[in-house]
């Protein structure tokens, strides 16, 4: 499947090919910290298909528990995480796209969860948590709504 996407501010734009059946959720503590959320949703690209159309991401190299080094790319202007990849100059490398940056993200349903031992326990309660169709106004008092 051909996908395209980019960062929140529009400075970084890309295209790639992915296999929708390979979408995963990662619950590792690195992904929690680097995403600023409870987990990260990722899809690997087909080898050599990732192509930047505009912008130059900033690269942060993290070392995992295994000792492997991975590039973490993000927009230098708005901070949106774009992809991770092995540290390499190989043009045919596979990058792990951050599904939230893909325009076709509604078609990319996760099929597996990694590092589930690190998952936040409250995720099991998600279906029971109250929902809002949009975000209420955040007041100057630090509350949502009129309170």
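List, please: which pairs have Cβ atoms under 7 Å, are six or more places apart or on different chains, and start with a residue in the range 25-54 that is touching a residue at least 12 places away in the same chain (Cβ under 8 Å) and end with one that is loosely packed, with under 15 Cβ neighbours inside 10 Å and in a strand (DSSP E or B)?
25/113; 27/113; 30/62; 45/17; 46/17; 49/17
Could you run through the range 20-32 and say how many residues are closer than 13 Å to residue 102 by Cβ and either at pLDDT below 95 or not in a helix (DSSP H, G or I) (or both)?
Total satisfying the criteria: 1.
Just one of the numbered conditions (1) closer than 27 Å to residue 117 by Cβ; (2) at pLDDT below 95 is not true of residue 88; which one?
Failing condition for residue 88: (1).
Report whether or not residue 88 is free of Cβ contacts under 8 Å to residues at least 24 places away in the same chain and over 27 Å from residue 123 (Cβ atoms).
Criteria met by residue 88.
For the range 9-19, does any single residue satisfy the condition of being within 21 Å of residue 115 (Cα to Cα) and crowded, with 16+ Cβ neighbours inside 10 Å?
no
The values are calculated or read from the model by the stated rules, or taken from the named source; none is laboratory data. In this text, all values refer to a predicted model and were calculated from it rather than measured experimentally. Quick reminder, even Gly has a Cβ in these numbers, built from the backbone with ideal geometry, and neighbours come from all protein chains shown.
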